[in-house]
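Written below as structure tokens is the structure these notes are about.
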Amino acid sequence: MKRILYLLIASLLFVFCGNQTPKGKSEEPVLKIKTSEGTITVKLYKETPLHRDNFMQLVDAGYYNGIIFHRVIKGFMIQAGETGKTPTKVQSETNIDFTIPAEIVPQFFHKRGTLAAARMGDHVNPEKASSPTQFYIVHTDDGAKHLDGSYTVFGEVIDGFDVIDIIANKTVINTRPAQEVKIISILPID
């Protein structure tokens, strides 16, 4: 029921507000993701406003501070969104019991540096709705074309590809880095 209510509210907001952003906010925000391995700079797309706005709300609340890259597959992608061993107060108090409706835009595909929303598989999620907190960045030079049209691409890396490589080359145990790689902060660039 919560999910249906969220989808209804999100749809109504999108219809009535269009693709507007709050005053003083960029339609395509640029953010610095400071990690324990270096900084990655990303740009969010205006064509995916539900994902952009959800991500920015979490950034503004400090939700990602201390989040770990919990799934790393060299030559494919690095994924973040889990809280790690000790969730912060913000992470513990944030309601993430919803999904974001898919915003699959054909012009955005899975190239190196793509920022996309993780989700549950088609067998439990035929609508391709996204996780509200988990995202991944494509690592491989060849992209991940097999994901095109199935996951919402909502941004791209514009700097820090070397940091993606460092994280992707970490020793992993069942895709989880043996030593935690943390997001220290995500901050908008003014």
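The values are calculated or read from the model by the stated rules, or taken from the named source; none is laboratory data. Nothing here was measured: the structure is a model prediction, and the numbers come from that model. Every residue, glycine among them, receives a Cβ derived from its backbone with ideal geometry; neighbour counts consider all protein chains shown. All accessible areas refer to the heavy atoms of the entire protein, side chains included, with ligands and DNA or RNA removed. Shrake-Rupley method; radii C 1.70, N 1.55, O 1.52, S 1.80 Å.
Here are the numbers:
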{"read-out": "Solvent exposure, largest accessible area first (probe 1.4 Å, DNA, RNA and ligands not counted), of F98, F161", "value": "F161, F98"}
{"read-out": "Whole-number percent relative contact order across region 115-183, with pairs defined as alpha carbons under 8 Å at least 6 apart", "value": "30"}
{"read-out": "F109/I184 FRET efficiency (R0 25 Å; Cβ-Cβ; nearest 0.05)", "value": "0.25"}
{"read-out": "5 angstrom amide H check on T35, placed H, neighbours 5+ away", "value": "I40, I184"}
{"read-out": "Under 14 Å from K46, Cα to Cα: aspartates and glutamates that are on another chain or at least 8 residues apart", "value": "E27, E28, E103, E156"}
{"read-out": "Residues whose placed amide H lies under 5 Å from that of F154, excluding near-sequence neighbours", "value": "L115, A116, A117"}
{"read-out": "Relative contact order (percent, whole number), region 65-190, Cα cutoff 8 Å, 6+ residue spacing", "value": "36"}
{"read-out": "Relative counts (whole %) of C-alpha pair distances in the chain, using bins that are 5 Å wide", "value": "1, 8, 16, 21, 22, 18, 9, 4, 1, 0"}
{"read-out": "Over 21 Å between alpha carbons, listed pairs K74/K111; K85/K111; K32/K85; K43/K89; K34/K85; K128/K182", "value": "K85/K111; K32/K85; K43/K89; K128/K182"}
{"read-out": "Spacing of the two label points (7 Å from each Cα toward its C-beta) at E47 and T175, in nm", "value": "2.7"}
{"read-out": "List M77, M120, ordered by accessible area with a 1.4 Å probe, largest first", "value": "M120, M77"}
{"read-out": "Table column - 3J(HN,Hα) (Hz), region 72-89, Karplus curve with 6.51, -1.76, 1.60, x for Gly and Pro", "value": "10, 10, 3, x, 9, 6, 10, 10, 10, x, 7, 7, x, 5, 10, x, 6, 4"}
{"read-out": "Low-density loop cleavage sites - GluC sites (Glu not before Pro) in region 103-160, where at most 16 other Cβ are within 10 Å (DSSP)", "value": "E127"}
